[in-house]
Amino acid sequence: MDWLDWVLLAARVVLVFGALIVSVMLAVWAERKIVADMQTRLGPRRAGPFGMLITLADGIKLFFKEGITPTQVERPVYILAPVLSLVPAFLAFAVVPFGAGVELFGRRVPFQLADLNIGILWVLAMGSLAVYGVVLAGWSSGSAYPLLGGIRSSAQMISYEIGIALGVVAVLMYSGTMRMSEIVAAQDRIWNIVPQFPAFLIFVTAALAETNRPPFDLPEAETELVAGYFTEYSGIRFAMFYLAEYIHTITVAAVAVTLFLGGWRGPVFDFLPWLWPLLWFVLKVVALIFVFVWVRATIPRFRYDRLMSFGWKVLIPWGLVWVLATGAIVVLPEEIGRDALVRWVAIGAGVTLLLSLIAPLLTRGRAGTRP
Amino acid sequence: MDLIVFWIMAPVSVGAAVLMLLQRNAVYAALFLVLNQFTLAVFFVLLDAHFLAAVQVIVYAGAIMVLFLFVIMFLGVDRREALVEPIRGQRGLAIGLGLLLAAGVVLAIGLGIGLARAPGPAPGGDNIEAVARVLFTDYVFPFELTSILLIIAAVAAMVLARRKARGLPDLADEAPAGREPERVP
């Protein structure tokens, strides 16, 4: 690596950082607009065209607001907590490839900050560190509602981390690599969402819970906990939590696009060939974030016990089953040959069909007698 | 480069460990332990053990320490400290066993210096593949044994926690009086 490589790397870091901040701005605006539209409201419309600058206005307001520090707080941790939730959210994006790369000054510049060989594990690691911001904010506030929010969220995030990991494991078994660039390369014929659809559902559901997005926003459920873990925060520190949450959402969407939707893959035309992959990537991320917002506007918040039983009794068992099935899908064709596999699957499907036809006949007498 | 990182992280690591011991507040102690484990992950990266580094962060810093914090917060962190030994003679026993452990570590390092070889590059090139190969071939039996052990522990914890639900007396109620340690004002 000579100095030019370092300069290019620094430029990419700054660009990604700036792009993330700007996309948070747009995402908050878009979310408010979309939700407003779905609820037949107008939404923000004063600042800028279509109210687009609403987040900027909010940001400036929060920045200049007095940061109130309650007397009961555990000061060092109270100040550390927003930073701890912001930093992993940014760092997780480092391994996401957001374009095919470009030739610049006679060398290939990949559109990715770091192509680690542990790739996806890096994302998981940063996700597991993000819990600290929430938990410590809840504890250090020295007040009942934040503490409840913090305890809830630590339990929730740990539980759903397993769900995320299971979705990821299925994909990397299928792709045979943890390197993000190779996962994208492995989807050159078909996007992973087709053969790995159950893993996609598991990953996205768990990811919504992990990022505290509605309908899983229990750590900050305003009807129960005032505002959850950040009740006692104001001004710039509150803004950091807000920013972290949205960056986390964008990162999760970007990771989901990379793992399941072919990453930056898409048709490339002769005009500016390096721009198209970037464009496809951004479009896919935007589409996924739209789905997240849609879910928020549609599904009411979970009750806490249902959240837990859904995570542990539905998501994780089915995740395990799907990992097992993926293992079979990957290994069996190599072991027994494709023809034999097709024959056995056909026999299995036939037997299952027969059983499902016969089973109602045998249990008919007992139907409806359940207490 | 490696040396620079090592000499920056090593004092942080040792300092975090020492500070963890000196903290009176359980939450701060847990936080310093997290910092210590994070520096360990950096050392793993320096040794080209990327997979271990990731696992170190995900499992220890990310999951186990969060559970620690969870328990500490659930039990309610009392900012005063119990100055009564819950177990009689604990202090003397702890000092004795600690010295024994320290002696053992010093002895092991003393004997080991000079014997250790720098690990060569992992066979097959990729560190992850090498770990997986070893884990699922040579060490598959200890690996599975560990997982059985963990399942036993988890099931045992659940059985103990559910005693009340099955109409059995709670273990906490059976404990001798004075479950709350006396506090020195």
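Give me a single rounded figure for A:133-144: the average over its residues of other chain Cβ atoms within 10 Å of their Cβ. Walk me through the intermediate numbers first.
Numbers: counts 0, 1, 6, 5, 0, 2, 5, 1, 0, 1, 0, 0.
Counting Cβ atoms of other protein chains within 10 Å of each residue's Cβ and averaging gives 2.
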**Item:** Most mobile of A:Leu320, A:Leu361, A:Leu208 in a GNM of chain A (Cα contacts under 10 Å)
**Value:** A:Leu361
**Prompt:** If one takes the accessible area of chain A alone plus chain B alone and subtracts that of the pair, with a 1.4 Å probe, what total in Å², rounded to the nearest 100, results?
**Reply:** 2200
**Asked** Per-residue accessible area for A:Ser85 at 1.4 Å probe radius, Å² rounded to 10?
**Response** 10
**Request:** With a point put 7 Å past each Cα toward its Cβ, work out how far A:Ala144 is from A:Ala325 in nm, to one decimal.
**Result:** 4.6
**Message:** Could you report chain A's accessible area per residue, 1.4 Å probe, as an integer in Å²?
**Reply:** 51
**Prompt:** Using the Karplus equation 6.51 cos²θ - 1.76 cosθ + 1.60 (θ = phi - 60°), what ³J(HN,Hα) coupling, rounded to whole Hz, does each residue of the stretch A:88-93 give in order, writing x for Gly and Pro?
**Reply:** x, 4, 5, 4, 4, 6
**Request:** For A:Val102, enumerate residues with amide H under 5 Å from its amide H, sequence gap 5+ or separate chain, H modeled in the peptide plane.
**Result:** A:Val109, A:Phe111
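For the pair B:Val159 and B:Ala94, what calculated FRET efficiency results from E = 1/(1 + (r/R0)^6), where r is the Cβ-Cβ distance and R0 = 25 Å, to the nearest 0.05?
Values: r = 30 Å, r/R0 = 1.20.
My answer for the efficiency is 0.25.
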**Message:** Could you give each residue of the stretch B:105-111 its phi-based ³J(HN,Hα) in whole Hz, using Karplus coefficients 6.51, -1.76, 1.60 with θ = phi - 60°, and x for Gly or Pro?
**Reply:** 5, 4, 4, 4, 5, x, 6
**Prompt:** Rounded if a/c is under 1.5, else prolate if a/b beats b/c, else oblate: with a ≥ b ≥ c from the C-alpha gyration tensor eigenvalues square-rooted, which is the stretch B:1-81?
**Reply:** oblate
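Accessible area of the protein assembly as shown with a 1.4 Å probe: how many percent of it is carbon plus sulfur?
On the way: 23380 of 32670 Å².
The nonpolar share, carbon plus sulfur, comes to 72 percent.
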**Fill in**
Output ordering of A:239-250, A:125-136 (per-residue mean of other Cβ within 10 Å, highest first) is A:125-136, A:239-250
**Accessible surface ranking that places the most exposed of A:Asp305, A:Asp339 first, with a 1.4 angstrom probe** = A:Asp339, A:Asp305
**Item:** Partner chain coverage, peptide A:108-120 - average Cβ within 10 angstrom
**Value:** 2
**Asked** Just A:Glu161, A:Glu334, A:Glu182 to compare: in a GNM of chain A, with alpha carbon springs under 10 Å, which one fluctuates most?
**Response** A:Glu334
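When a/c reaches 1.5 or more, the comparison of a/b and b/c decides; with that in mind, is the stretch A:149-190 rounded, prolate or oblate per its Cα gyration tensor? Mind showing how you got there, number by number?
Numbers: a/c = 4.09, a/b = 3.40, b/c = 1.20.
Because a/c hits 1.5 or more and a/b exceeds b/c, the stretch A:149-190 counts as prolate.
Return the average number of partner chain Cβ atoms within 10 angstrom of each residue Cβ along peptide A:148-159.
Working: counts 1, 0, 3, 4, 0, 0, 7, 4, 0, 3, 6, 0.
The shielding value for this peptide is 2.
Take the alpha carbon gyration tensor of chain A, find the square roots of its eigenvalues, order them as a ≥ b ≥ c, and report rounded if a/c is under 1.5; if not, report prolate when a/b exceeds b/c, else oblate.
Numbers: a/c = 1.89, a/b = 1.21, b/c = 1.57.
Cα axes put chain A in the oblate bin.
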**Message:** Can you give me the distance in nm between label points at A:Asp339 and A:Gln72, each placed 7 Å from the Cα along the Cα-to-Cβ direction?
**Reply:** 7.5
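The values are calculated or read from the model by the stated rules, or taken from the named source; none is laboratory data. Keep in mind that what you see is a predicted model, and the values were worked out from it rather than measured. Ideal geometry is used to build each Cβ from the backbone, glycine not excepted, and the neighbour counts take in all protein chains shown. Calculation scope for accessible area: heavy atoms of the full protein, side chains included, ligands and nucleic acids excluded. Shrake-Rupley method; radii C 1.70, N 1.55, O 1.52, S 1.80 Å.
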